[in-house]
Amino acid sequence: MRKQIVAGNWKMNMTFPEGINLIQEIINNPSSLKGAQLIISPPYLLLNQAVKLTQGNNISVAAQNCSEHEKGAFTGEISASMLNSLQLEYVILGHSERRAYYGETDQLINQKIKQCLANNLKPIVCCGEILKERENNEHFNVVATQIKGMLEEITAKEFKSIIIAYEPVWAIGTGKTASPDQAQEMHHFIRETIRNSYGSEIADNLSILYGGSCKPSNAKELFSNSDVDGGLIGGASLNAEDFIAIANSF
Ligand code: PGA
């Protein structure tokens, strides 16, 4: 049985006190321990507190990014070994906002994945097409190319700690959600792509999350598809009640 996961990507939101408050609301919600594995991904400055506060609560913590370099003169960057030293478990990599605003390529993301794996961190690797690519019926090609580039030289043993998030860019923060059929079709395609490279055991155990305007009102329908193993939630993860309602939608 693969893991059902609901991960909240806070992006660049929440001051320090606001973030602590949100974590406490999530922990104190009486239904928060049911259902899927919860992951929260606050900005860097909250990670240390997030790890401490969530300990023993069955909630894991993810960073939103990390450097492709091991260490050294890279002002403003955070390395995978620094994240590992906080004892957090996951790192979101290759988010479309990082690709669009910071020029991240599949090759760069591949370097970051390698840094994470070398430091015992589990990458949540994002892929997804922009609207024009879907309209031109290029979405499968685009996603296959992203996956191939990002996973270059990643071995089957290493792949076991990877989670993939399919996030159609046209659905992120737009209020437009992929239909359950569109999500299932792409998730199935991703699983088969992984099956071809890594074999059935790995493909069948891979958690593939859907991201893009996922909210309490549509989560159940999306998660009921056989290849949709949960969600990567942006906007709705900033509200404890909504986030937990999504996690309890399985
Ligand atoms: P959204 O963001 O839920 O606000 O659309 C999802 C994401 O970017 O991970």
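Could we say that I113 is crowded, with 19+ Cβ neighbours inside 10 Å and away from the ligand (no atom under 16 Å from the Cβ) here? Even if it seems obvious, please write down each step before you answer.
Working: crowded, with 19+ Cβ neighbours inside 10 Å: yes; away from the ligand (no atom under 16 Å from the Cβ): yes.
For I113, the condition - crowded, with 19+ Cβ neighbours inside 10 Å and away from the ligand (no atom under 16 Å from the Cβ) - is met.
Output the residue which, of all residues in the stretch 68-107 that are of a type in the set (S, T, N, Q) and farther than 21 Å from G234 by Cβ, is nearest to the ligand (Cβ to nearest atom).
Let us first name the residues in the stretch 68-107 that are of a type in the set (S, T, N, Q), namely 75, 79, 81, 84-85, 87, 96, 105, 107.
From what is left, the residues that are farther than 21 Å from G234 by Cβ are 75, 79, 81, 84-85, 87, 105, 107.
Numbers: T75: 26, S79: 23, S81: 25, N84: 23, S85: 26, Q87: 24, T105: 19, Q107: 22 Å.
Ranking the candidates gives T105 first.
Taking the condition of being within 16 Å of the ligand (Cβ to nearest atom), open to solvent by less than 60 Å² (accessible area, probe 1.4 Å) and among the hydroxyl-bearing types (S, T, Y), how many residues in the stretch 134-179 meet it?
Final tally of qualifying residues: 3.
Return yes when S207 is more than 24 Å from L131 (Cα to Cα), modelled with pLDDT under 95 and open to solvent by less than 20 Å² (accessible area, probe 1.4 Å) and no when it is not.
no
Here are some residues: I20, I26, I40. Which one is part of a helix (DSSP H, G or I), among the aliphatic types (A, V, I, L, M) and under 20 Å from G211 (Cβ atoms)? Quick ask: steps written out before the conclusion?
Details: I20 fails: under 20 Å from G211 (Cβ atoms); I40 fails: part of a helix (DSSP H, G or I).
That would be I26, the only listed residue that is part of a helix (DSSP H, G or I), among the aliphatic types (A, V, I, L, M) and under 20 Å from G211 (Cβ atoms).
Could you list, in sequence order, the residues of the stretch 202-234 that are within 16 Å of the ligand (Cβ to nearest atom), among the β-branched types (V, I, T) and farther than 14 Å from S179 by Cα?
Within the stretch 202-234, I208, I233 meet the criteria.
State the number of residues belonging to the stretch 37-55 that are surrounded by fewer than 22 Cβ atoms within 10 Å (Cβ to Cβ) and either touching a residue at least 24 places away in the same chain (Cβ under 8 Å) or of a type in the set (F, W, Y) (or both).
Total satisfying the criteria: 9.
Only one of N120, N110, N141, N205 is in contact (Cβ under 8 Å) with a residue 60 or more places away in the chain, over 27 Å from G235 (Cβ atoms) and not aliphatic (A, V, I, L, M); which?
N205
Go through the residues of the stretch 182-192 one by one and say whether even a single one is over 19 Å from V6 (Cβ atoms) and of a type in the set (A, V, I, L, M).
Within the stretch 182-192, not a single residue is over 19 Å from V6 (Cβ atoms) and of a type in the set (A, V, I, L, M).
Answer with yes or no whether S81 is modelled with pLDDT of 95 or more, surrounded by fewer than 22 Cβ atoms within 10 Å (Cβ to Cβ) and more than 24 Å from F189 (Cα to Cα).
On the way: modelled with pLDDT of 95 or more: yes; surrounded by fewer than 22 Cβ atoms within 10 Å (Cβ to Cβ): yes; more than 24 Å from F189 (Cα to Cα): yes.
In short, yes.
Quick one: in the stretch 84-107, which of the residues that are acidic (D, E) and part of a helix (DSSP H, G or I) is surrounded by the most Cβ atoms within 10 Å (Cβ to Cβ)?
So the residue we want is E97.
Can you pull out every residue in the stretch 56-77 that is surrounded by 14 or more Cβ atoms within 10 Å (Cβ to Cβ) and closer than 30 Å to N28 by Cα?
Residues satisfying the conditions are N57, I59, S60, V61, A62, A63, Q64, N65, C66.
Please go through (1) assigned to a helix (DSSP H, G or I); (2) crowded, with 20+ Cβ neighbours inside 10 Å for V125 and return the number of the only condition it doesn't satisfy.
(1)
The values are calculated or read from the model by the stated rules, or taken from the named source; none is laboratory data. Since the structure is predicted, the reported quantities are computational estimates derived from the model, not experimental observations. Ideal geometry is used to build each Cβ from the backbone, glycine not excepted, and the neighbour counts take in all protein chains shown. Each accessible area value is taken on the protein alone, full model and side chains, heavy atoms only, with ligands, DNA and RNA left out. Shrake-Rupley method; radii C 1.70, N 1.55, O 1.52, S 1.80 Å.
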